[in-house]
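Every number here is computed from the coordinates shown, using simple stated rules; none is lab data. Everything quoted here is computed from the prediction, not taken from an experiment. Here Cβ is always computed from backbone atoms with ideal geometry, including for glycine, and neighbour counts include all displayed protein chains.
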Amino acid sequence: MTVMTKTFQSIVRFDQRSLRWVSRSRTPWLDRLMRGFTRAGDWQSWTALSLAALAAGGQFRQVAIQVVPRLLTTLTICFAIKSISRRPRPSQAMKDFSSLLKNPDPYSFPSSHTACAWAVCMSLGISLGWGLPLFALYAAAIGYSRIHVGAHYPLDVVIGTAIGIAVALI
């Protein structure tokens, strides 16, 4: 077995153990909260908010003009990586594990919810010139929610975070 194979297997085991540890913290009220953050971070929510900002005009429109291309770039990058990596969702790959929500697609790597949240939130903070810590906290909550609901492994979220931040800084 090569060093690369051993390293990859170690990462997979760590991801699975971490996900099971997080899933043990599930409670009805926390599950509802995390489902809310997950839904707030889907591409449909970001698209609706972007369209509303564009239609509102003024400063909202100017900010949306800065954010929308980054959102679309992030989605494109994530879907391209997902189509190449084809990592199955935890509920499909792990025995005795279930997701709290229906999977939006069969692949988990990277987390596009997380990547989009970070791209949008960082772009908002940069464009507005205020609120970056609050926006970062919101993006982090969306990322954590993806692990909590069982849609993603921690590594999916870490890489999604990196993609989102990188796109926002371009």
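Structure data summary
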{"quantity": "Amide H partners (placed H, <5 Å) of Tyr107, local residues excluded", "calculated": "none"}
{"quantity": "Set of aspartates and glutamates with alpha-carbon distance to Lys95 below 17 Å, sequence-local pairs under 8 removed", "calculated": "Asp15"}
{"quantity": "Aspartates and glutamates whose Cα lies under 14 Å from that of Lys82, excluding same-chain neighbours fewer than 8 positions away", "calculated": "Asp105, Asp156"}
{"quantity": "Stretch in the chain that is longest and holds no trypsin sites (Lys or Arg not before Pro) that DSSP places in a loop and that have at most 12 other beta carbons within 10 Å", "calculated": "103-170"}
{"quantity": "Fluctuation leader among Pro28, Pro90, Pro110 - the chain, Gaussian network, Cα springs under 10 angstrom", "calculated": "Pro28"}
{"quantity": "Residue among Leu30, His113, Pro88 farthest towards the positive dipole end of region 23-139, charges placed on Cβ", "calculated": "Pro88"}
{"quantity": "12 Å cut-off, amide nitrogen to a point 7 angstrom out along Leu30 Cα→Cβ, residues in region 147-164", "calculated": "148-149"}
{"quantity": "Whole-Hz ³J(HN,Hα) from phi, Karplus 6.51 cos²θ - 1.76 cosθ + 1.60, for region 12-20, glycine and proline x", "calculated": "4, 4, 4, 4, 5, 4, 4, 5, 5"}
{"quantity": "Square roots of five times the Cα gyration tensor eigenvalues for region 1-116, Å", "calculated": "32, 20, 11"}
{"quantity": "Magnitude of the charge dipole, region 1-157, Cβ model with Lys/Arg +1 and Asp/Glu -1, debye to 20", "calculated": "440 debye"}
